[in-house]
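K.L.:
I have a structure here, written as structure tokens, and I will follow up with some questions on it.
The values are calculated or read from the model by the stated rules, or taken from the named source; none is laboratory data. What you see is a predicted model, and the numbers here were worked out from it, not measured in a lab. Methodologically, a virtual Cβ is constructed for each residue, glycine included, from the backbone with ideal geometry; neighbour enumeration extends over all protein chains shown.
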Amino acid sequence: MKTRITILVMAFGLTLSSALYAQDKTYKDGSVWQVGFIKVSANMTVDYLNNLKANWKATHDEAVKEGLIVSYKILEGTAANPEDWDIMLMTEFKNLAALDGTDEKWEAISKKIIGGEDAMKKLNESRVSMRTIYGGKLLKEVVYK
């Protein structure tokens, strides 16, 4: 009897999961967002945001002009706790394929905006004292049909 009940429950579970899987998606994939989470050091927010304007923003403006990205955003807010990030850097791509094979184009933009390797190294070193990178994510936007 227990075996029959177990088989019956398993069959019902498989039928239910198949029915749920067969449902139509009510959404489609939208843009792809590359998101970075930054914790700015104490009293360095203005300096860091000014640094981003001169370099990160300028680089992304050029990337928009060249069609590498759709858009970008910088969001700044209060950290939820001492271990939380307070700046989010967002870059919007048309789709996942837009990320492939663009390294040389990004390097050319960086060289044009920031300068050669020495200038890029100096920029990165200056940012070390201003912030901590908490990580990043690659996310797909959900667009409801």
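K.L.:
Hey, could you check region 60-98 for residues that are β-branched (Val, Ile, Thr) and in a strand (DSSP E or B) and say which is farthest from GLU141 (Cα to Cα)? Give the derivation first.
P.N.:
Applying the first criterion (β-branched (Val, Ile, Thr)) to region 60-98 yields 64, 69-70, 74, 78, 87, 91.
Checking which are in a strand (DSSP E or B) leaves us with 74, 87, 91.
Details: ILE74: 17, ILE87: 20, THR91: 12 Å.
Per the stated criteria, the residue is ILE87.
K.L.:
LYS57 - would you say it is of a type in the set (Lys, Arg), under 15 Å from MET90 (Cα atoms) and not in a strand (DSSP E or B)? Show your work before the answer.
P.N.:
On the way: of a type in the set (Lys, Arg): yes; under 15 Å from MET90 (Cα atoms): yes; not in a strand (DSSP E or B): yes.
Answer is yes for this residue.
K.L.:
So MET120 passes all but one of these: (1) exposed (fewer than 12 other Cβ atoms within 10 Å of the Cβ); (2) within 24 Å of ILE38 (Cβ to Cβ). Which condition number does it fail?
P.N.:
If we test MET120 against (1) exposed (fewer than 12 other Cβ atoms within 10 Å of the Cβ); (2) within 24 Å of ILE38 (Cβ to Cβ), just (1) comes out false.
K.L.:
Considering each residue of region 65-97, count those that are within 16 Å of the chain's Cα centre (by Cα) and either in contact (Cβ under 8 Å) with a residue 40 or more places away in the chain or more than 17 Å from ALA42 (Cα to Cα) (or both), and give that number. Before you say what the answer is, go through the steps one by one.
P.N.:
Taking region 65-97 and keeping what is within 16 Å of the chain's Cα centre (by Cα), we get 68-76, 85-97.
Pick out the ones that are also either in contact (Cβ under 8 Å) with a residue 40 or more places away in the chain or more than 17 Å from ALA42 (Cα to Cα) (or both) and you get 68-75, 85-97.
The qualifying residues number 21.
K.L.:
Here's a follow-up. In region 37-64, what residues are over 18 Å from the mean Cα position of the chain (by Cα) and among the hydroxyl-bearing types (Ser, Thr, Tyr)?
P.N.:
Those that are over 18 Å from the mean Cα position of the chain (by Cα) and among the hydroxyl-bearing types (Ser, Thr, Tyr): SER41, THR45, TYR48.
K.L.:
Another one. Out of LYS137, LYS39, I need the residue that is assigned to a strand (DSSP E or B), among the basic types (Lys, Arg), surrounded by fewer than 13 Cβ atoms within 10 Å (Cβ to Cβ) and modelled with pLDDT of 95 or more. Which one?
P.N.:
Selected residue: LYS137, the only one of LYS137, LYS39 that is assigned to a strand (DSSP E or B), among the basic types (Lys, Arg), surrounded by fewer than 13 Cβ atoms within 10 Å (Cβ to Cβ) and modelled with pLDDT of 95 or more.
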